[in-house]
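Please read the structure below before turning to the comments.
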């Protein structure tokens, strides 16, 4: 017999594992069932304790899953906010680049106008000098 079969109490007289049950205990009417009931009670308590522990583990796992889902949702929200801020910053950068190009063009146009004005001033100066040579009454 195995160790677990030592604890099994046959409910009928007769053979068990091919052998005749021996009358080791009192006859059927006089058996003490309290030890069997105690074993059943302890087995029930063990099962109940295992169920309670399982419920606790499941509750903790569900709470951890809920927390993880909330943290994931918050992370997704932070990512969406960051992406929106990045798009806004890109738009500002593009606008700044456009303004810088416009300012550069304005500077180039102003420099061209200044060069043209200097050229005209130089022409006017040469014309005055050529039209009114030194010693001319208008130059005195």
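Checking the a/c ratio against 1.5 first, then a/b against b/c, what shape does the Cα gyration tensor give for segment 33-133?
Since a/c reaches 1.5 and a/b is larger than b/c, the shape of segment 33-133 is classed as prolate.
Could you check the simple spin-label distance between residue 66 and residue 52, using points 7 Å along Cα→Cβ, in nm with one decimal?
Here the answer is 2.2 nm between the modelled labels.
Report the label-to-label distance for residue 130 and residue 87 in nanometres (one decimal), using points 7 Å from each Cα along the Cα→Cβ vector.
Taking the simple label geometry, residue 130 and residue 87 are separated by 6.5 nm.
Every number here is computed from the coordinates shown, using simple stated rules; none is lab data. Predicted model, so just to flag it, every value in this text is computed and none were measured. Backbone-built Cβ (ideal geometry, glycine too); neighbour counts: all protein chains shown.
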